[in-house]
Amino acid sequence: HTAAAFSIKHEFSCILEDAVDVVVALKKSEIGWVNKNVDAIIQCYKLLGDALGLYRFAKKVLSSMNAVEEYSSLVASQRAGTSRIMTSLLDAAAIVTVRVINLERRPDRFLDFMECAVSSERMLVMKGVAKLKQKSSASVYKNAKVICDKEGEFTGNFAFDGQCSIDELETKIAQMTKGLCVLSDFVKDKWKPSELSAFDKHAGSDFKDAHTTTSEKACALSHIAAWVGVESTLSSFDFCLDKGSVAMDLKKVAGLITISGFARGPSLLNENEGMDPSPVCVILEDDAQLCDRFVERIQAVLDELPRDFHFCSIGYSRPKFAPIIDYSPEIGIPSCLWYLTGYILSAA
């Protein structure tokens, strides 16, 4: 089942890529024919739930049309056609995109996730792990950045696998950072279970260190790489939530495809009053079980989520005695959380 599904998707993706190349090579005088095929290609990517493919297509359309620079020179029919293409991409960009952390050896989990995310919730999905690089040997995680491919993309990689040895994980980090960093620059070797004793009576209070396992380190690395990818994506946003301001700029429309929406709630801090809604990204592990009406409920959260927030957990566990303070109908402020099954990040 898994092999057959991936084979079909691979074959279809090749056909779709060929169609994209044909469309972007057409002349502006053939704008009517281009419109029909752009719409068809967008629908194909939406049916596949392929956020990265749609993002690449939008960038190719931008490159071929030079919409901003040449729009004033187009005749009326060409302007109408160009506007239609932009409208189609804006409509696609309004779909919620989520970033998934998935192991290469678990395509079955990815397929199960896609079945719910795409078929049931009509979302777009991209693999959320970026490639890490370090700026200097003296810096730590906060100075990490991503290695972008030639198209400047910040996602699309598989998670770090905890079934490998520590030596293999160290080798991978050394290769990514050109020997400037070691694993402990990103993830601690030990942690203190006693730090949870306020909420968990079984945590103990002897302050002994527990060793971080290889699986825990790989999991942490995967999330760190996803965070850095999100930071790189959101740092490229230089416009507010005003579709009128991006209506003639396909480059910005392409950027909208890579995010999950905007946090629109009132700011937490008085000094941030009046700030624009913040672009956000949703990160989910591939075994996350999506609730009913997931997209609808995410939109409800974003309507209330303070626009100057940093992190919002949407899939978690917590100690029995760790209270959550009510903040709004959809949002609470936790005192302690476990797990990173699903969460929302901003660059506010």
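The values are calculated or read from the model by the stated rules, or taken from the named source; none is laboratory data. All values derive from a computational prediction rather than experimental measurement. For neighbour counting, all protein chains shown are included, and Cβ atoms are generated from backbone atoms with ideal geometry for every residue, glycine included. The area values use the complete protein model at the heavy-atom level, side chains included, leaving out ligands, DNA and RNA. Shrake-Rupley method; radii C 1.70, N 1.55, O 1.52, S 1.80 Å.
The table that follows gives values for the structure above.
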| quantity | calculated |
| --- | --- |
| Estimated vicinal HN-Hα couplings, Hz - region 169-184 in sequence order (Karplus 6.51, -1.76, 1.60; Gly, Pro = x) | 5, 4, 4, 5, 5, 4, 5, 5, 9, 6, x, 7, 9, 10, 4, 5 |
| Charge tally in the Cβ shell below 13 Å around Ala198, where Lys, Arg are +1 and Asp, Glu are -1, Ala198 excluded | +2 |
| Exposure rank, largest accessible area first [Glu273, Glu231; 1.4 Å] | Glu273, Glu231 |
| Region 253-348, accessible area per residue, ligands and nucleic acids excluded (1.4 Å, Å²) | 52 |
| Links that overshoot a 27 Å alpha carbon limit, given the list Lys131/Lys252; Lys46/Lys178; Lys36/Lys60; Lys60/Lys131; Lys172/Lys320 | Lys46/Lys178; Lys172/Lys320 |
| Cα centroid of region 157-200 to Cα centroid of region 250-304, whole Å | 29 |
| Virtual spin-label span in nm between Gln163 and Lys320, 7 Å along Cα→Cβ | 3.5 |
| Residue-span extension gain [Asp209 to Thr171] - 0.36 nm each, minus C-alpha spacing | 11.1 nm |
| Gln299/Ser236 FRET efficiency (R0 22 Å; Cβ-Cβ; nearest 0.05) | 0.40 |
| Net lengthening on full extension, Ala25/Phe311 (0.36 nm per residue, minus Cα-Cα) | 98.7 nm |
| Amide H partners (placed H, <5 Å) of Ser313, local residues excluded | Ile344 |
| Approximate spin-label separation Tyr327-Lys201, in nm, with each point projected 7 Å along Cα-to-Cβ | 3.1 |
| Modelled FRET efficiency - R0 25 Å, Leu111 with Ser184, Cβ distances, 0.05 increments | 0.10 |
| Potential extension, Asp276-Ser13 segment - 0.36 nm per residue separation minus Cα distance | 91.0 nm |
| Proximal charge balance of Met275 [Cβ under 10 Å; K/R count +1, D/E count -1] | -3 |
